[in-house]
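Engineer: Okay, handing you the structure first.
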Amino acid sequence: MAQERSKRMINTAGCIIIGDEVLGGKTVDTNSAWFAKYCFSLGINLKRIEVISDDEDEIIEATRRMSKNYDFVITSGGIGPTHDDITYQSIAKAFDLPLILHEETLEKMKKLSKPRPGQENFSWDEDTPARKAKMRMVELPYDKNLPDEIQVIFAAEDLWVPINVVNGNIHIFPGIPRLFEKMLTGLKPRLVPRLTDPEGKGVYRVLFSTPLPESEVAGYLTELAGKVKEKGINVGSYPRWGKSRNTVTLVGRDKEFMDSLIPEVEKNVKGRRVEVEGEDDDDGSDKDA
């Protein structure tokens, strides 16, 4: 089943952010927002984002459930060298897999990782606490019955951290935003052939700026939503507190049909199409929600 999952077409996605520091307010999660934009650009339907603690039971439950429910799942966080970095061991337990020292990852780490301040005298040849801590980061959940190339993916030549793929569709990423973003960008060529939109054009979004409060456009938008539903188009309305203009959106894949609706929507919301939300704000007066 895991090998089959690694090849199936990708329509839906789930995101698990792991970290007590996020739940405690110490760290602001930006990875889920970046991933949401990534999925939107590829036409993947991101169905769920969860933030969970560095707790084995939480990680096990969330990864099992999302692996079952969605085609493409990512986790972010909890793969560092310290005692509370338990993502690898927890996901291994979730899918009854051993943790194995992945030799290629180890060699890449030796070659590409740079000593941190205070570790200038670090040696790979000495059995020290620092060496043991580093080795934890190359002990990966691993299914010996599956090909290595579908379980350990190196997304960039200058990074030793791999994307560890478990159960065919759980993709384990670091929490550091610059690594997270770079590795997801590097993974894109592998995903595009499996997208339900094979050309990777993604979803099309049309934004409208309106001076009217939501209560004034609600009736028309309800009527519009019913009319375009069979075309797979979603209609959204978003109040912008403290701003002079609110936003209406059309989101879907039928660009030609959506473009044909622009004059009608502009007329009925007494507004106009914009490229960026807020580009025509003026006096900042409040509008009702």
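The values are calculated or read from the model by the stated rules, or taken from the named source; none is laboratory data. Everything numeric in this text was worked out from a predicted model, so none of it was measured. Cβ sites come from the backbone with ideal geometry, for glycine too, and all protein chains shown count toward neighbours. Protein only, heavy atoms only, side chains kept; ligands, DNA and RNA dropped before computing areas. Shrake-Rupley method; radii C 1.70, N 1.55, O 1.52, S 1.80 Å.
Engineer: Relative to the Cα centre, what is the charge dipole magnitude of the stretch 1-77, using +1 at the beta carbon of each Lys and Arg, -1 at the beta carbon of each Asp and Glu, and rounding to the nearest 20 debye?
Structural biologist: On the way: 10 positive and 12 negative charges, 131 e Å.
Its charge dipole is roughly 620 debye.
Engineer: In the structure shown, do any of K111/K132; K227/K255; K111/K134; K132/K182; K229/K255; K134/K188 have a Cα-Cα gap over 20 Å, and if so which? Show your work: numbers first, answer last.
Structural biologist: Details: K111/K132 17 Å; K227/K255 16 Å; K111/K134 13 Å; K132/K182 27 Å; K229/K255 14 Å; K134/K188 28 Å.
Distance filter (> 20 Å) returns K132/K182; K134/K188.
Engineer: Ignoring the sites themselves, what is the longest stretch of the chain with no GluC sites (Glu not before Pro) in a DSSP loop and at most 14 other beta-carbon atoms within 10 Å?
Structural biologist: The reported range is 1-119.
Engineer: Moving on. Let me know the whole percent of all Cα-Cα pairs from the stretch 156-289 that are separated by more than 19 Å. Spell out each step's value before the answer.
Structural biologist: Details: 5512 of 8911 pairs.
Distances greater than 19 Å cover 62 percent of the Cα pairs.
Engineer: Can you tell me what percent of all Cα-Cα pairs in the stretch 25-131 are more than 16 Å apart? Don't jump to the answer; show the numbers that get you there.
Structural biologist: Working: 4009 of 5671 pairs.
Every Cα pair in the stretch 25-131 considered, those over 16 Å come to 71 percent.
Engineer: Tally up the carbon and sulfur contribution to the accessible surface of the chain as a whole percent, 1.4 Å probe, everything protein left in place.
Structural biologist: Details: 7510 of 15270 Å².
Roughly 49 percent, rounded to a whole number.
Engineer: Averaged per residue, what accessible area in Å² does the stretch 152-280 show with a 1.4 Å probe, protein chains only?
Structural biologist: Details: 6450 Å² over 129 residues.
Computed with neighbouring chains in place, this is 50 Å² per residue.
Engineer: While we're on this one: Would you work out if the stretch 127-190 is rounded, prolate or oblate? Take a ≥ b ≥ c from the square roots of the eigenvalues of the alpha-carbon gyration tensor; rounded if a/c is under 1.5, else prolate when a/b is larger than b/c, oblate otherwise. Don't jump to the answer; show the numbers that get you there.
Structural biologist: Working: a/c = 2.17, a/b = 1.20, b/c = 1.81.
Since a/c reaches 1.5 but b/c is at least a/b, the shape of the stretch 127-190 is classed as oblate.
Engineer: Further question: Looking at the stretch 5-96, which trypsin sites (Lys or Arg not before Pro) are in a loop (DSSP not H, G, I, E or B) and have at most 14 other Cβ atoms within 10 Å?
Structural biologist: Numbers: sites: R5, K7, R8, K26, K37, K47, R48, R64, R65, K68, K93; in loops: K7, R8, K26.
Counting only loop positions with at most 14 other Cβ atoms within 10 Å, the trypsin sites (Lys or Arg not before Pro) in the stretch 5-96 are K7, R8, K26.
Engineer: Give the long-range amide H neighbours of D54: residues separated by 5 or more places, or on another chain, with amide H under 5 Å away, using H modelled in the peptide plane at 1.01 Å from N.
Structural biologist: G19, D20
Engineer: With unit charges on the beta carbons (Lys and Arg positive, Asp and Glu negative) and the dipole taken about the Cα centre of the chain, which residue among V73, L42, I16 sits farthest to the positive side?
Structural biologist: The Cα lying farthest towards the positive end belongs to L42.
Engineer: While we're on this one: Averaged across orientations, what area in nm² does the convex hull of the alpha carbons in the stretch 1-65 project? Write down the numbers at each step before the final one.
Structural biologist: Working: hull surface 20.1 nm².
Seen from a random direction, the Cα hull of the stretch 1-65 projects 5.0 nm² on average.
Engineer: Tell me, how many Å apart are the Cα centres for the stretch 49-69 and for the stretch 205-272?
Structural biologist: 36 Å
Engineer: Another one. Can you say what percent of the DSSP beta bridges in the chain, counting only those with both residues inside, are antiparallel? Round to 5. Could you put the intermediate results ahead of the total?
Structural biologist: Numbers: 23 of 40 bridges.
Looking only at bridges with both residues in the chain, the antiparallel portion is about 60 percent.
Engineer: Specify which residue in the list V203, A133, G175 is farthest towards the positive end of the charge dipole of the stretch 120-270, using unit charges on the beta carbon of Lys, Arg (+1) and Asp, Glu (-1), about the Cα centre.
Structural biologist: V203
Engineer: Follow-up question, since we're still on this one. Once you have all Cα-Cα distances for the chain, histogram them in 5 Å bins from zero and send the whole-percent values.
Structural biologist: Over the chain, the share of Cα pairs per 5 Å bin runs 1, 5, 10, 13, 14, 13, 11, 9, 8, 6, 4, 3, 1, 0, 0 percent.
Engineer: To the nearest 20 debye, what charge dipole does the stretch 162-252 have about its Cα centre, counting +1 at the Cβ of each Lys and Arg and -1 at the Cβ of each Asp and Glu?
Structural biologist: On the way: 13 positive and 7 negative charges, 68 e Å.
Here the size comes out at about 320 debye.
Engineer: Where does the chain land at 222 nm, in deg cm²/dmol rounded to the nearest 500, when only DSSP H runs of n ≥ 4 count, each adding -39500 (n - 2.57), divided by all residues?
Structural biologist: Numbers: 10 runs with 104 residues, N = 289.
One gets -10500 deg cm²/dmol as the mean residue ellipticity at 222 nm.
Engineer: Quick check: Cα centre of the stretch 158-188 to Cα centre of the stretch 115-151, how many Å?
Structural biologist: Taking the Cα centre of each part, the stretch 158-188 and the stretch 115-151 sit 16 Å apart.
Engineer: Can you run phi through the Karplus equation (6.51, -1.76, 1.60; θ = phi - 60°) for the stretch 48-63 and list ³J(HN,Hα) in whole Hz, with x for Gly and Pro?
Structural biologist: The phi angles translate into 7, 10, 10, 10, 10, 7, 6, 10, 4, 4, 5, 5, 4, 5, 5, 5 Hz.
Engineer: Setting aside same-chain residues fewer than 8 positions from K110, which aspartates and glutamates have a Cα under 17 Å from its Cα?
Structural biologist: The reachable aspartates and glutamates, counting only those whose Cα sits under 17 Å from K110, are E120, D125, E126, D127, E139, E157, D158.
Engineer: Please give the length that would be gained between D57 and Q119 if that part of the chain were fully extended, namely 0.36 nm times their separation in residues minus their C-alpha to C-alpha distance (nm, one decimal).
Structural biologist: Numbers: separation 62, 0.36 × 62 = 22.32 nm, distance 3.38 nm.
Result: 18.9 nm gained on full extension.
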